[in-house]
1. Eigenvalues of the Cα gyration tensor times 5, then square-rooted: what semi-axes does that give for segment 1-56, in whole angstrom, largest first?
2. Excluding ARG93 itself, what net charge comes from residues whose Cβ is under 10 Å from its Cβ, given Lys and Arg +1 and Asp and Glu -1?
3. Using 0.36 nm per residue, how much length does the chain from ASP95 to ARG134 gain when fully extended, once their Cα-Cα distance is taken away?
4. Can you work out the PRE-style zone for VAL121? Point 7 Å along Cα to Cβ, and I want the residues of segment 64-88 with backbone N under 12 Å.
5. Just flag the trypsin sites (Lys or Arg not before Pro) in segment 1-96 sitting in loop per DSSP whose Cβ has no more than 10 other Cβ atoms within 10 Å.
6. Could you tell me how many degrees, from 0 to 90 and to the nearest 10, lie between the Cα long axis of helix 28-47 and the main elongation axis, the longest principal axis, of the Cα atoms of the chain?
7. Between the DSSP loop rule and a limit of at most 11 other Cβ atoms within 10 Å, which GluC sites (Glu not before Pro) in segment 72-145 are left?
8. Work from the charge dipole of segment 1-139 (Cβ charges, +1 for Lys and Arg, -1 for Asp and Glu, about the Cα centre) and give the residue of THR7, LEU38, TYR78 farthest towards its positive end.
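The values are calculated or read from the model by the stated rules, or taken from the named source; none is laboratory data. Bear in mind the structure is a predicted one, so any value in this text is a computation, not a measurement. Note that each Cβ is placed from the backbone with ideal geometry, even for glycine, and that neighbours are counted across all protein chains shown. Ligands, DNA and RNA are excluded from the accessible area calculation, which covers all protein heavy atoms including side chains. Shrake-Rupley method; radii C 1.70, N 1.55, O 1.52, S 1.80 Å.
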Amino acid sequence: MPTLSETHIRNRYRVQPNDANNYETLHGGELMKWMDELGAMSAMRFAGETCVTAGVEDISFHRPVPVGDIALVEAYVYDAGTTSVTVRIRAQREDPRTGDTERTTGSSFTFVALGEEGTPVPVPELTVETDEERDLREAAREAET
């Protein structure tokens, strides 16, 4: 059974002018795309199957990410159903010169595991072993409420 830590993925995206809106900050749709892609990678690592997006919980944009800064996106599986996987996805703005970060966005995405026929297939149970994993799972569950 996969552990929460085994599904934890982080990626950095440098915000370029072609990623920006009219205010020269990261376009929300572009960030959502990056979050969805990273979330799917986390879900697939957990399920061992291709996973597709089934739903997105409330997504909140707390602050912009200016062109030239970095969007730091992280994802991890914190819950699993019969054929679905719930992934907590958070984004931060990172200053490339100092490494300072600020929270920008958070959400939970639900993915469904699909087999070769394109039909839902079972996923394993999630194993939570360490205090850090328990803290991450609890933080994700609290963010749902």
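1. Details: eigenvalues 155, 30, 11 Å².
For segment 1-56, the ellipsoid semi-axes come out as 28, 12, 7 Å.
2. On the way: positive: ARG63, ARG103; negative: ASP69, GLU94, ASP95, ASP100, GLU102.
Taking every other residue near ARG93 into account, the sum is -3.
3. On the way: separation 39, 0.36 × 39 = 14.04 nm, distance 2.92 nm.
Working it through step by step, the gained length comes to 11.1 nm.
4. No residue passes the distance filter.
5. Numbers: sites: ARG10, ARG12, ARG14, LYS33, ARG45, ARG88, ARG90, ARG93; in loops: none.
Hits after loop and neighbour filter: nothing returned.
6. That works out to roughly 30 degrees.
7. On the way: sites: GLU74, GLU94, GLU102, GLU116, GLU117, GLU125, GLU129, GLU132, GLU133, GLU138, GLU142, GLU144; in loops: GLU116, GLU117, GLU125, GLU129.
Sites meeting the loop and neighbour criteria: GLU116, GLU117, GLU125, GLU129.
8. Comparing the listed Cα positions along the dipole, LEU38 ranks first.
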